[in-house]
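For reference, the structure is listed below as structure tokens.
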Amino acid sequence: MTTAAQKKAQSNRGTLFVEDGELISTQTYPGEQFIMRIRAPKCAAAAIPGSFVHVTCDATLPMRRPLSIMRAADDWIEVLYKIVGEGLHLLADKKPGDTINVLGPVGQPFRPSPTRPKCLLIGGGVGIPPIVFLAESLLDEKWAPLAILGSELPFPFSLEKSRIEMSWLDNDISSTMPLLEGWGVPTRLTSLSGFDGCYRGYVTDLADKWLQGLGADERRQVEIFACGPTPMLKAVAALAAQYDVPCQVSLEEFMACAVGGCAGCTVEIATPDGPAMQRVCVDGPVFDATTVVWN
């Protein structure tokens with residue numbers, strides 16, 4: 001008899017690639033943050049918002065590192081990361097033309113529903129990349145995305161004053177991400193670090209302010225998508241429950257193999273059959289927020 005896990009594994013065959021990518025460019029930002037563009041055509045062709053790649057940081061370090069995909073187009077992918085540990089230090093030393101072995105794309109993606117076109121996209125810190133990828137996938141008139149991004153480090157982009165007005169906000173809350181602004185995606189930034197034009201508070205504070213201003217019919221068109229540190233995701237899940245809107249969260253977890261073999265990245269998930277330990281790498285990283293057991 002074929003188990004559910006075996007069926008899922010079979011459905012994923014032919015969607016995961018290992019290829020020697022070529023580093024195209026690196027952008028450096030304050031706080032030891034980097035955006036890398038890597039030529040990896042197979043991975044780029046199969047990438048979906050919410051999926052990630054497992055990269056080899058250096059030939060001297062066999063353990064790979066998981067990095068969320070921020071953009072995928074033509075034959076390249078972009079990843080954003082902040083240096084944490086030896087591996088990412090080694091990765092940051094790479095130069096254009098260097099080889100970076102890429103395994104991916106891995107994981108279950110965000111799944112927006114056409115019945116809820118008002119997509120509230122919330123990203124915190126290094127959780128911003130999947131939100132950018134998702135926003136780009138929603139550049140169609142049938143969707144109405146709004147992005148709220150937060151960081152206590154300087155943002156990994158130059159702040160720009162938005163030309164997209166938001167009547168529910170004071171005019172001095174005007175800083176935005178230039179990339180999303182260029183796509184026409186309404187975006188505002190939050191921080192407790194006092195950055196110009198940013199809302200002083202948490203992403204959930206600003207999201208709450210927006211949700212408060214919606215009527216009941218409008219809220220029935222809303223779905224929340226979030227990625228960031230676990231305490232932020234727990235708060236976003238609570239906010240979604242308060243307003244009775246669905247919410248998908250992309251979890252962050254340490255992982256070794258990233259293909260479901262080691263079960264080192266398991267989290268407790270409520271299922272119809274009771275609590276179960278599921279793997280963030282292949283069963284996630286995106287989960288329905290109501291199913292996550294928040295410890």
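No value in this document is a laboratory result; all are computed from the given coordinates. Only a predicted model underlies this, so the values are computations on that prediction, with no experimental measurement involved. Heads up, the Cβs are rebuilt from the backbone with ideal geometry, glycines too, and the neighbour counts pull from every protein chain shown.
Calculated mean residue ellipticity, 222 nm, the chain: -6000 deg cm²/dmol, from DSSP H runs (n ≥ 4) at -39500 (n - 2.57) each, averaged per residue and rounded to 500. Computed about the Cα centre, the dipole magnitude for the chain is approximately 500 debye when only Lys and Arg (+1) and Asp and Glu (-1) carry charge, each at its Cβ. On the beta carbon distance between Leu153 and Ile24, with R0 = 30 Å, the FRET formula returns roughly 0.75.
Bridge orientation summary for the chain: considering DSSP beta bridges with both residues in this region, about 65 percent are antiparallel.
Here the stretch 242-295 and the stretch 38-86 have alpha carbon centers that stand 21 Å from each other.
Each residue in Ser151, Ser193, Ser137 was given a count of other beta-carbon atoms within 10 angstrom of its own, and listing them fewest first yields Ser193, Ser137, Ser151. What the phi angles of the stretch 86-91 give under the Karplus curve with 6.51, -1.76 and 1.60, with θ = phi - 60°, is a coupling list of 5, x, 6, 4, 5, 5 Hz, glycine and proline written as x. Within the listed set Gly107, Gly274, Gly261, the Gaussian network model of the chain (springs between alpha-carbon atoms below 10 Å) gives the highest mean-square fluctuation for Gly274. Using the Cβ-Cβ distance between Glu32 and Arg200 with R0 = 22 Å, the FRET efficiency computed as 1/(1 + (r/R0)^6) comes to roughly 0.35.
Using θ = phi - 60° in the Karplus curve 6.51 cos²θ - 1.76 cosθ + 1.60, the 3J(HN,Hα) couplings for the stretch 117-126 round to x, 7, 8, 8, 9, 10, x, x, x, 6 Hz; x is entered for Gly and Pro.
Positive contributions from Lys and Arg (+1) and negative ones from Asp and Glu (-1), summed over other residues with Cβ under 13 Å from the Cβ of Ile269, come out at -4. Label-to-label distance for Lys161 and Ser193 is 2.2 nm, based on points extended 7 Å past Cα in the beta-carbon direction. Answer rounded, prolate or oblate for the stretch 196-244, using the Cα gyration tensor with square roots of eigenvalues a ≥ b ≥ c: rounded when a/c is under 1.5, else prolate when a/b is larger than b/c, else oblate. Here the stretch 196-244 falls in the oblate category. Pairs over the 31 Å Cα-Cα cut-off, from the set Lys82/Lys142; Lys42/Lys94; Lys95/Lys234: Lys82/Lys142; Lys95/Lys234.
Go ahead and run the numbers for FRET between Leu139 and Asp244, Cβ-Cβ distance against an R0 of 41 Å, rounding to 0.05. The value I calculate is 0.90. By the Kirkwood approach, averaging reciprocal distances over each pair of separate Cα atoms, the chain gets a hydrodynamic radius of 19.6 Å. Beta bridges per DSSP, both residues in the stretch 36-156: antiparallel share near 75 percent. The 3J(HN,Hα) values that the Karplus relation (6.51, -1.76, 1.60; θ = phi - 60°) gives for the stretch 58-70 are, in residue order, 6, 4, 7, 10, x, 6, 7, 10, x, 9, 5, 7, 9 Hz. Gly and Pro appear as x.
Here the stretch 152-169 and the stretch 108-123 have alpha carbon centers that stand 21 Å from each other. Taking the DSSP beta bridges with both ends in the stretch 186-295, the antiparallel portion is around 60 percent.
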